[in-house]
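Below is one structure; the comments refer to it alone.
The values are calculated or read from the model by the stated rules, or taken from the named source; none is laboratory data. Values in this document were obtained by computation on a predicted structure and should not be read as measured data. FYI the Cβ positions are ideal-geometry reconstructions off the backbone, even for glycines, and counts take in every protein chain you see.
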Amino acid sequence: METAGKWLELAGTLLTMYGLWFAWNRNSNRRIRTAVTQWANFIFNRTLHALAIVLPQLRRNATIVVPVADAIAVADSATVTVHSVVDSSQPLPIQVEQLAGQVKSLANDLQALRQRVGQNAVAMDALTRESGATVEAAVADLRKSSRLEAFADLSVALAGILITAVGIVVGMVADGRFAWLP
């Protein structure tokens, strides 16, 4: 019975150690897969290097040609010419009418632009609200999953502690430390 208690203690301690190590490994930036991959790459590269030393015919020179640019575009400053609808050869009242027509046309264009900006602002507000709701849902899911992962990681360690405690109690019963109990 004492041996069973010691084995339970050992199993519980190992399970606790594994659970804590697993929780640490998942929550740190260090990953076992990364370490194994790095060691595998190191060994593979060293093997290739050793083979290249042993077998010189495996060495080859390679030339890689990379074109810097296919085309280069050069642009100078732009010249903008604005033509007015107002004909300066006409009498002044006709020029004023032409100018008034041009101002009215510009005012209509400006009003259309304001309406488009207003519609875009309404659309942007809707998109902002929608994206805000999406981000809040994603953050809530992340918090929930991280809590579940933490519980899963630490539950293994807690089970190990429980098994260790049972092993200690079994060992104490086997030693007769609870003989005073009825």
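Per the listing 173, 166, 122, 117, the residue uniquely β-branched (Val, Ile, Thr), under 30 Å from residue 18 (Cβ atoms), assigned to a helix (DSSP H, G or I) and at pLDDT below 85 is 173.
Within the stretch 108-129, not a single residue is closer than 30 Å to residue 25 by Cα, surrounded by 10 or more Cβ atoms within 10 Å (Cβ to Cβ), small (Gly, Ala, Ser) and free of Cβ contacts under 8 Å to residues at least 24 places away in the same chain. Here residue 89 clears all of (1) modelled with pLDDT of 70 or more; (2) in a helix (DSSP H, G or I); (3) farther than 30 Å from residue 165 by Cα except the condition numbered (2). Report the residue count in the stretch 130-182 for those that are among the aliphatic types (A, V, I, L, M), surrounded by 13 or more Cβ atoms within 10 Å (Cβ to Cβ) and within 23 Å of the chain's Cα centre (by Cα). Going through the stretch 130-182 one residue at a time, the tally reaches 2.
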